[in-house]
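The values are calculated or read from the model by the stated rules, or taken from the named source; none is laboratory data. For clarity, every value in this text was computed on a predicted model and none was experimentally measured. All Cβ positions, even for glycine, are placed from backbone atoms using ideal geometry, and neighbour counts span all protein chains on display. With ligands, DNA and RNA removed, areas are computed over all heavy atoms of the protein, side chains included. Shrake-Rupley method; radii C 1.70, N 1.55, O 1.52, S 1.80 Å.
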4 protein chains.
Amino acid sequence: MAQPSYPADRDPAFNLTSGPSGATPATLAALGRPILHHLDPAFGALYQQTVELLQQAFGTSQSPVILQGEGVVGLEAAAASMIGPRDVVLNLVSGMYGRGYGDWARQYALEVIEIEVPYDSSVPAVSVADAFRLRSDITVVCVVHCETPSGTVNDLDAISAVVAEHGALLIVDAVSSFGGIRCDFTVWQADLVVTVPQKCLGGTAGLSLLHVSEAAWEHMAANPAAPRGSVLSILDWRHAHLAGRPFPFTPSVTDIYGLQACLEQYLLEGAEAVLGRHRAAARAARAGAEALGLTLWARDPAIRSDTVTAVRVPAGIDERELRARARAESGVMLSGGQGDLSGIVLQIGHMGPGAYPLSPVIALTALGRALRALGVQADIGAGVEAAVSALEP
Amino acid sequence: MAQPSYPADRDPAFNLTSGPSGATPATLAALGRPILHHLDPAFGALYQQTVELLQQAFGTSQSPVILQGEGVVGLEAAAASMIGPRDVVLNLVSGMYGRGYGDWARQYALEVIEIEVPYDSSVPAVSVADAFRLRSDITVVCVVHCETPSGTVNDLDAISAVVAEHGALLIVDAVSSFGGIRCDFTVWQADLVVTVPQKCLGGTAGLSLLHVSEAAWEHMAANPAAPRGSVLSILDWRHAHLAGRPFPFTPSVTDIYGLQACLEQYLLEGAEAVLGRHRAAARAARAGAEALGLTLWARDPAIRSDTVTAVRVPAGIDERELRARARAESGVMLSGGQGDLSGIVLQIGHMGPGAYPLSPVIALTALGRALRALGVQADIGAGVEAAVSALEP
Amino acid sequence: MAQPSYPADRDPAFNLTSGPSGATPATLAALGRPILHHLDPAFGALYQQTVELLQQAFGTSQSPVILQGEGVVGLEAAAASMIGPRDVVLNLVSGMYGRGYGDWARQYALEVIEIEVPYDSSVPAVSVADAFRLRSDITVVCVVHCETPSGTVNDLDAISAVVAEHGALLIVDAVSSFGGIRCDFTVWQADLVVTVPQKCLGGTAGLSLLHVSEAAWEHMAANPAAPRGSVLSILDWRHAHLAGRPFPFTPSVTDIYGLQACLEQYLLEGAEAVLGRHRAAARAARAGAEALGLTLWARDPAIRSDTVTAVRVPAGIDERELRARARAESGVMLSGGQGDLSGIVLQIGHMGPGAYPLSPVIALTALGRALRALGVQADIGAGVEAAVSALEP
Amino acid sequence: MAQPSYPADRDPAFNLTSGPSGATPATLAALGRPILHHLDPAFGALYQQTVELLQQAFGTSQSPVILQGEGVVGLEAAAASMIGPRDVVLNLVSGMYGRGYGDWARQYALEVIEIEVPYDSSVPAVSVADAFRLRSDITVVCVVHCETPSGTVNDLDAISAVVAEHGALLIVDAVSSFGGIRCDFTVWQADLVVTVPQKCLGGTAGLSLLHVSEAAWEHMAANPAAPRGSVLSILDWRHAHLAGRPFPFTPSVTDIYGLQACLEQYLLEGAEAVLGRHRAAARAARAGAEALGLTLWARDPAIRSDTVTAVRVPAGIDERELRARARAESGVMLSGGQGDLSGIVLQIGHMGPGAYPLSPVIALTALGRALRALGVQADIGAGVEAAVSALEP
């Protein structure tokens, strides 16, 4: 490789990964604000307002909860709080994150039943219905909305209807879907949803954003093993945003600044507009990747995520080397496969600040240049042409 | 109260609390940097360099560990990882944080023995020696270096010598001491020390900074209950800073930017200079508070912290109202008592960006004005005069 | 001097100079915004809005003009544009800036008449009336509202009435008064007023802010020597803020961001509140300086500025050394005398972000410490006590 | 036009104009630094260091001068200072900026001779030699290196040799060339060169950066009409960077922060690397524009600028509408023709932060989409393919 345009010690120009997705200048400015003491009245007001903005974004009738800790903390806390020694859990596995959730569930549940499908597909709602038929004692269902490494989505509209019909509690990992793919927590009757600022909202990794239903609060309260006085406690934070209520421990003021800024931008733009640009960018990424000569990972077009596109790495190509070249020569950071998908799949993100019309053009050009540098034919012109054409609705 | 100079919805001018202590402009600028993807090579290098800077600041021969989560996460993780079902723990209690640590210790230990002293005093090393005489099976000792709400310090030099003599492991909460009060982890033979960026270093609340001795690593590795695959795992993060090692989960890139900036400033200024200005500000705060007409909380001058000064609230005065007035009329944020000390004690912080020559003058003037507004005689002139005189060594 | 707390290569903690006065964090954040192209529609809208905010702040019925260039550019441009070869100018001199304005006036006028008074006094309105009696052909009067280096003000209310009575045009240098001392451009019937962002508004040095009356526009248009196609042209910029009108040359987008932020903060706080805190800080600075043992420069209390306090340097003291010590030992930047006043006078600023209750306490403490270090008795306690007492209205 | 992806009140995503060219995050962070007082010792040191960095970037043996005021101020100041009542000026005109310079020259010179060529060509060195043959009394030659609106360059290597041979003084407008096209002020024996931060260096519009030869200093000193005590004075600022020398008036501290940051980045990257990426981006822009179906404005490939590419607007197309669509639908800001070229030409900038491998791809995609929206056939795929291929040397 000749002297790269973007040396490894210099920032890349474009973050088109599967997340964290970077942040807008307005969000970065918020992160640089002087750090108020968390007990300052100005911060109290700002925190309360942020929780209200989050509720507006969630479109729910209940106050959400902000947990201090990156998404995995929220997911672990959800398992620890919601899954007790009397719970029979149905865990849906269509990718790495679903599989991982089973490990947490098994730490706390009476029993964990799993439905696992190949990672280039998704869990059919009918399988969930079948599981309920076999085991009417299922109390909690866990599902990942968008499996980031696979770029696939589970059909929450259908699955949630089945779960609701059987009266089980529903835990949803909406980490890489909320803000990019339609999520209706109320219609789903979702009980505990975990999402984060650093994917489609374009914020920092350091908070978990939780929708918690009344039934979920009751279930946690009744769970003797639900953490309290711990970083994993959800119960401790239920009222932290209310005037006069103490914070269980020092919140990250900087992360809250960033979240407030993200939510203001999200609400100002409007959910429909935000979803629209995710859809358009996704169409362009998929059409462009195929025209470039690549194969999409998810076989069924209906399950391809609007927030991230996973493509198969051409045979004989070192996926790390490919992405390293895109980074060094074109300044574009892409994401690689994780776990079982390592070396087999790479991901083009189009979420948050990366879900704009020209984002897929940039990603495809970088990828095309890297492929050529490694001796793979890649029709960049065709890829860009297809991407641009797919942008129009 | 007339129209305040600093309304509740506007930022105060000065953070002179017991921490978080605010941040310098250079640190704030770092927090506003574009958020690199955590797998970007530029971030990998920056993370590794930050761990090296931290080791330099710690002055140790081993790589420290950065945990994702505010200080309490580090403290909880230390208990969960270091205290196993075969450990007999001696927990030293001279304040609220010491008492709280006992709760965590009891979750994991075979048995917890406590030495508790009144919260305006500290634990004598001789009491620790006595405890070992009675119970030679003590395996772990837990101690808080500086009890923030009381503004007192335990004599770690003496206590650590006793612990070392008996071959027990030593866990130290150095949250509000490191960077403001001399800490020699090596001489202490400390096994697990937890500190944070947001006190004397002037950083964000969102990380725990851990010194871990080789013996501690072995003890954790041998502890079957030590968390893995959890936000509370220390073991998972041991090698996270090494090239090619994955992060257990997404680190907060923004917090690492802030930490790097703090450490660079700390090392550039030099530990001796930093300690010197903490000592000078502390002398001024103590002398000024007494001249103002207030009584210091800690009876023994030898145990008064150089990072925070606790004073008794004059009889009949509402401590919250007093601080609210300092905030509204003078733009100065101070800290109040917590728990048992609530309403009885208030704290003037002088740590990190608040440990400069004029900081105590500002705090005392604000406090004096607020006292007067509530009808308490306060000799502001004498207070400032005493503070200024005490600045000179 | 021992190792200073604030080395010369590190930022001071407090800017309490006679201006530029520093900026709030909100203004600094605005300065760091991505630089829009000046022809971008988003910048066009922002520029127009900024001119409207400025008009609101000016409280006038006409659009003001923003010139690209620090205050002296605006003052020079005013002379070059407003003073033509047929103008007889009356220039009022009560300090260095008044004297300097005479030099510019003489470059362009038919004749310049001056009234000069000692620099610790101000020009009486009656002297202006006398001048008009002697010379009814005076067409333009030039006056400095606040003479920064002397900390004195000319009584614009009285002087402007005389000028209006005689139908002459009035040019006002309100550089260090607007935003800190009441200025009523409409009642004054002022024709061309020049002020800046970097004094009482807390902005950058890089723009001149001009109120221009209809009569002034006509006078400039009729002046064949009024600059056009030059950095000194006011006429070129008259309509630059209107949609579809080109900028005469590239404006400083960053400075406009800063100005917009300053004006939003000013209008949100409200002119009365802003003036009130300037008055309070000025009272405290004056009372405190005298109690510290210093002599105020301006003899007549009625002419002492609410934006800057000038004090006489004690005999035998090197004024530069004195300020250098305040800077090095207390982190406080003060201002020194200029020109004739060099070494004789120093200034404590209390303008913009430096006009808050504790600002004078900080300045006086720093000054007191520096005086003592040079062997001068300075009663810091008494100074602070007097300052604090004078804060209350 | 449907609801645009980038509404007019929101920032565009990409500034690919002919300048100002935007700024890197590191430069923006510098602009947001707390504003030091200009007489603070920390600023004195920073200013001096900035002048030294500029000299390094210029590669000259003499201290350069920083003037307070956007490029046109430097150009006007150069005319006012260098051209006196005894000077016969040869002004070379190959575009709008050259023509404008004649206006300034005529204000100050004894006589101005001009060579004008069509604006899609450049001035041949041989014509300059011819002019000297006819008029051996020429004392000053003025030339624009890169005519931004036309995207053309005059061959300074050849022209400067002719000027040097005849012993005349050489004034160069290097505003949009320095930092993007090789400039050797020493070999050229250039006497006064004006450039700016906001083009190839990626800084703010607010300063002029001047190389001044010893002969130029002598010529200005001997010119009785050279401004002093004016914003147009170069002489006043000659020694402003030296310790102990006063600033003629308040410099823009914020702009100097920005300049320092730009220069540090420029020198760290290295002049050769910077020039290399300008050349590569220029090749890609030109090849891509032609493949897209557009015609380049400059006929002779040898005179096409590496910093900006001018293309002819297709017949029947409204140039403003075309650029407005690129801005609204693709978030890309391009530049339009000015003056005579208005509506006929548009410019794709590739300078400073816009001179990276993918910049032309972005510009061409945006332009192609806008052309199509207006009914013009544009082969985006071919354009991008050609651009990408041209990137490789």
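Structural remarks
- Just checking the listed ones, A:Ala42, A:Ala131, A:Ala190: in the Gaussian network model of chain A with Cα springs under 10 Å, the one fluctuating most is A:Ala42.
- Positive-end extreme of charge dipole, chain C - chosen from C:Val187, C:Val311, C:Leu67 (charges on Cβ): C:Val311
- CD proxy at 222 nm, helix term only [per DSSP H run n ≥ 4: -39500 (n - 2.57); per residue of chain A; nearest 500]: -13000 deg cm²/dmol
- Global geometry of region B:165-284, whether rounded, prolate or oblate, following the gyration tensor of its Cα atoms and the 1.5 cut on a/c: oblate
- Estimated dipole of the protein assembly as shown in Debye, rounded to 20 [Cβ of Lys and Arg +1, of Asp and Glu -1, Cα centre]: 0 debye
- Dipole moment magnitude, nearest 20 debye, chain B about Cα centre, only Lys, Arg, Asp, Glu C-beta charged: 660 debye
- Average beta-carbon neighbours from other chains, 10 Å sphere, peptide C:141-150: 0
- Global form of region B:121-224, assessed from the alpha-carbon gyration tensor, a/c cut-off 1.5: oblate
- Note on B:Leu374 and B:Ala45: the extension gain reaches 113.0 nm, defined as 0.36 nm multiplied by sequence separation minus the Cα-Cα distance.
- Between B and A, accessible area buried - total, square angstrom, nearest 100, 1.4 angstrom probe: 3300 Å²
- Additional length obtainable on full extension of the chain from C:Thr186 to C:Arg228, 0.36 nm per residue less Cα span: 12.4 nm
- For chain D: relative contact order, % (alpha-carbon pairs under 8 angstrom, 6 or more apart): 23 percent
- Average beta carbon contacts from partner chains per residue of B:369-378, 10 Å cutoff: 1
- Of all accessible heavy-atom area on region C:81-223, the percent that carbon and sulfur account for (1.4 Å): 53 percent
- Here region B:159-273 is treated with +1 on each Lys and Arg Cβ and -1 on each Asp and Glu Cβ, and its dipole about the Cα centre works out to around 320 debye.
- The radius of gyration of the Cα set in chain A, together with its Dmax, comes out at 21.1, 64 angstrom.
- Counting only other chain Cβ atoms within 10 Å of each residue's Cβ, the peptide D:72-80 averages 3.
- Residues along region A:291-329 losing 10 Å² or more of accessible surface when the other protein chains are present rather than the chain by itself (probe 1.4 Å): A:Arg327
- Based on C-alpha pairs under 8 angstrom that are at least 6 apart in sequence, region D:1-134 has a relative contact order of 14 percent.
- Taking amide H atoms as placed 1.01 Å from N in the peptide plane, the amide H of C:Val308 lies under 5 Å from those of C:His350, each 5 or more residues away in sequence or on another chain.
- Residues in region B:248-286 occluded by at least 10 Å² - accessible area, probe radius 1.4 Å, against chain by itself: B:Phe249, B:Thr250, B:Ser252, B:Thr254, B:Asp255, B:Glu269
- Residue-wise HN-Hα coupling along region C:348-358, computed from phi with Karplus coefficients 6.51, -1.76, 1.60 (Hz; x: Gly, Pro): 9, x, 8, 9, x, x, x, 10, 10, x, 8
- Delta accessible area of at least 30 Å² on complex formation, residues of region B:197-221, 1.4 Å probe, chain isolated as reference: B:Ala205
- Relative to the compact-globule estimate of 2.2 N^0.38 Å, the Cα radius of gyration of region B:300-393 comes out at 1.05.
- In region A:56-176, the convex hull through the Cα atoms has an average projected area of 7.5 nm², a quarter of its surface area.
- Over region B:58-176, Cα pairs under 8 Å with separation of 6+ residues give a relative contact order of 25 percent.
- Label-point spacing for B:Gly293 across the identical copies (point 7 Å from Cα in the Cβ direction), in nm and ascending order: 2.7, 8.5, 8.6.
- In order along region A:223-232, phi translates into HN-Hα couplings of 8, x, 8, 4, x, 9, x, 9, 4, 8 Hz, rounded to whole numbers, per the Karplus curve 6.51 cos²θ - 1.76 cosθ + 1.60 with θ = phi - 60° and x for Gly and Pro.
- Interchain or long-range residues, amide H under 5 Å from B:Val313's placed H: B:Val345, B:Leu346
- Over the protein assembly as shown, accessible surface divided per residue gives 33 Å², non-protein components excluded, 1.4 Å probe.
- Choice from B:Ile113, B:Ile35, B:Ile380 showing the highest fluctuation, given a GNM over chain B with Cα pairs closer than 10 Å: B:Ile35
- Of the DSSP H helices in chain B, those that are both long (alpha-carbon extent of 18 Å or more along the helix axis) and hydrophobic (Kyte-Doolittle mean at least -1.0) are B:41-58, B:253-269, B:271-292, B:359-373.
- Projecting the Cα atoms of C:Ser5, C:Gly244, C:Trp217 onto the dipole axis of chain C, where Lys and Arg carry +1 and Asp and Glu carry -1 at the beta carbon, places C:Ser5 farthest toward the positive end.
- Overall form of the protein assembly as shown per C-alpha gyration tensor (a/c, 1.5; a/b vs b/c): oblate
- Per-residue Karplus couplings for region C:194-200, computed as 6.51 cos²θ - 1.76 cosθ + 1.60 with θ equal to phi - 60°, are listed in order as 10, 9, 9, x, 8, 10, 6 Hz, Gly and Pro entered as x.
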